[in-house]
Amino acid sequence: MVRMVLIFWCIASCLRRRVSPQLFFQLNSEYFNTGKNIFSKLDMDRVIPDRWRLRQIEDDGHVVPEMPVFLKPEWGQNSHGIYLIQTARDLETARRKRRVKKTSYLFQEAAREKREFEIFYIRSATDNSRFAMLSITEVKNSSHADLYINGVHNTDSSYHDITDDFSAEEQQRLWSMLKGVGRFRIARVGVRANSISELLSGIFHIIEINIFLPLPLFLLDKEISWARKHQFIRKSMTIAADLIAHLPTRKKRRAIFFRQLIAHYRVKGY
């Protein structure tokens, strides 16, 4: 339901601006790896400053990583195809399950911070040093495990909007750190920190950057009314349409959507 409403308002907002809704997929096209036909997590890793980066190495099928570690597809959504590797048996099982697919995988160091936050933003169309929209969602997990994989299909995961817990000055402080992690026009950045104060002090690790279809996790908070969610959707898609209208006219267009769709179903098939 949420995705359908997002699509509707994206199309409506683009038509109102007389731009093609298909150009939504060009907003971050400069980061699309045309050789691999994906938005590569290894490429994303290179734009993360060292102090916020978790160690990542490509899985060649033979390397034995330092455990615990997460085994992830080089591109994926909704936590599909991710494995928590804590023992040699876990590693053997995960590799056996994915052997039939031609999808590259990587190991990512496990973040040890206690709390998980997802920061969604859209840059200003007229001043890319500023954000036009920013929301902060805390992701909680009820499993009581030390390490876990959160995701929209995990019944232990829940989403809680905490944007209003941050003052305007604190939101700007957070943005001043994240705006230099790539030059994404629209993104959702997942981070782990021990507390909000440490998050605002830059003491955190980035666990994921979603720039293809970054669903604002504000919309998954069950405590928020549909009226507020609908208002958020209309505003965000209006801003996205403004960004599309300001895309460079000579910018090379890349065939992204169907390539990403194919990659998604390869991973989902595991």
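The values are calculated or read from the model by the stated rules, or taken from the named source; none is laboratory data. These numbers come from a predicted model, not from an experiment. Here Cβ is always computed from backbone atoms with ideal geometry, including for glycine, and neighbour counts include all displayed protein chains. With ligands, DNA and RNA removed, areas are computed over all heavy atoms of the protein, side chains included. Shrake-Rupley method; radii C 1.70, N 1.55, O 1.52, S 1.80 Å.
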Open item on the list: Using each residue's phi in segment 111-117, evaluate 6.51 cos²θ - 1.76 cosθ + 1.60 at θ = phi - 60° and report the 3J(HN,Hα) Karplus result to the nearest Hz, with x for Gly and Pro.
Closed with: 6, 9, 5, 7, 10, 10, 10
Task: Computed FRET value (nearest 0.05) for Ser158 with Lys97, which takes r as the C-beta separation and R₀ as 35 Å - done: 0.80
Open item on the list: Compute the distance from the alpha-carbon center of segment 6-23 to that of segment 71-149, in whole Å.
Closed with: 29
TODO: Specify the residue with the greatest mean-square fluctuation among Lys36, Lys97, Lys72, computed from a Gaussian network of the chain linking alpha-carbon atoms under 10 Å apart.
DONE: Lys97
Open item on the list: Angle check, please: helix 257-268 long axis (alpha carbons) against the longest principal axis of the chain (alpha carbons), in degrees 0 to 90, nearest 10.
Closed with: 30
- [ ] Mind giving me the nanometre distance, one decimal, between the label points for Arg183 and Arg234, set 7 Å out from Cα along Cα→Cβ?
- [x] 3.4
Open item on the list: Which residues among segment 197-225 fall inside the zone where the amide N is under 19 Å from a point 7 Å beyond the Cα of Asn33, along Cα→Cβ?
Closed with: 206-214
Open item on the list: If I model a spin label as a point 7 Å beyond the Cα along the Cα-Cβ vector, how far apart are those points for Ser201 and Asp127 in nm?
Closed with: 3.0
Task: Approximate spin-label separation Ser79-Leu213, in nm, with each point projected 7 Å along Cα-to-Cβ - done: 1.8
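At 1.4 Å probe radius, can you tell me the per residue accessible area of the chain in Å²?
On a per-residue basis, the chain sits at 52 Å².
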Task: Of Pro73, Asn141, Ile244, farthest towards positive along the dipole that unit charges on Lys, Arg, Asp, Glu beta carbons give the chain - done: Ile244
Task: Computed lengthening from Leu247 to Met1, 0.36 nm per intervening residue step minus Cα-Cα distance - done: 85.7 nm
TODO: Heavy atoms only, probe 1.4 Å: what % of the accessible area of the chain goes to carbon and sulfur, would you let me know?
DONE: 51
- [ ] Rank these by accessible area, largest first, 1.4 Å probe: Leu247, Leu213.
- [x] Leu213, Leu247
Open item on the list: Helix 88-97 against the longest principal axis of the chain: what's the angle in degrees, Cα atoms only, rounded to the nearest 10?
Closed with: 60
Open item on the list: What FRET efficiency comes out for Ile11 versus Leu42 if R0 is 45 angstrom and r is the Cβ-Cβ distance? Round to the nearest 0.05.
Closed with: 0.85
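Rounded to the nearest 0.05, what FRET efficiency do Leu147 and Ala227 have when you use their Cβ-Cβ distance and R0 = 35 Å?
Rounded to the nearest 0.05, the efficiency is 0.40.
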Task: Mean residue ellipticity (222 nm) of the chain, computed from DSSP H runs ≥ 4 via -39,500 (n - 2.57), nearest 500 - done: -9000 deg cm²/dmol
Task: Cβ charges +1 (Lys, Arg) and -1 (Asp, Glu), total dipole of the chain, debye - done: 1500
Open item on the list: Can you tally the net charge around Phe184? Count Lys and Arg as +1, Asp and Glu as -1, for every other residue whose Cβ sits under 11 Å from the Cβ of Phe184.
Closed with: +4
Open item on the list: Between segment 150-211 and segment 213-242, how far is it from one alpha carbon centroid to the other, in angstrom?
Closed with: 16
